[in-house]
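Structure, as structure tokens:
The values are calculated or read from the model by the stated rules, or taken from the named source; none is laboratory data. Quick caveat: nothing in here was measured; it's all calculated off a predicted structure. So basically every Cβ, Gly included, is an ideal-geometry build from the backbone, and we count neighbours across all protein chains shown. Accessible surface areas use protein heavy atoms only, side chains included; no ligands, DNA or RNA. Shrake-Rupley method; radii C 1.70, N 1.55, O 1.52, S 1.80 Å.
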Amino acid sequence: MSENSIKGIMDVTMDKLRAMVDAKTIIGDPIVVGDVTLIPVSKVSFGMATGGSDFPSKTQSGLFGGGGGAGVTIVPVAFIAVKDGDVRMMPVYNDVTGVDRAIAMAPEVLDKAKALFGKKKS
């Protein structure tokens, strides 16, 4: 396989991916609304594939075929709100799974369990 051909495909694919996603994609530029500053926060997922092969030929040397591609998903998940030095995280992504709910409720459930078992020992 021609190393230069694969490297070229990978370089082009990575350059295009870099052009689509940077740090400002995850933590966006601040938006000022009155006396509140909002900073958007997004979740970024991406995938990439590259491949190629040399083809045997009696008349030409170095026949190569290959390709590459990438995909990006960007989902807004929250805003960081700053007002008068007070900072709050405001979630906006409401597609919460059962596992997410269980993790969010874990501290409350543990407190209730401790209180329940604490009463029985008394």
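Check V77: other-chain or 5+ apart residues with amide H under 5 Å from its amide H, H built from backbone geometry?
Residues meeting the criterion, in which the H sits 1.01 Å from N, are V41, S42, K43.
Enter the accessible area per residue of the stretch 1-66 (Å², integer; probe 1.4 Å; all protein chains in place). Kindly include the intermediate steps, with their values, before the conclusion.
Numbers: 4810 Å² over 66 residues.
Ligands and nucleic acids excluded, the result is 73 Å² per residue.
Describe numerically, in nm with one decimal, the distance between label points set 7 Å from Cα along Cα→Cβ at T59 and at R18.
That separation, rounded to one decimal, is 4.0 nm.
Along the Cα→Cβ direction, 7 angstrom out, place labels at S45 and D111. What is the inter-label distance in nm?
Those two pseudo-labels are separated by 3.2 nm.
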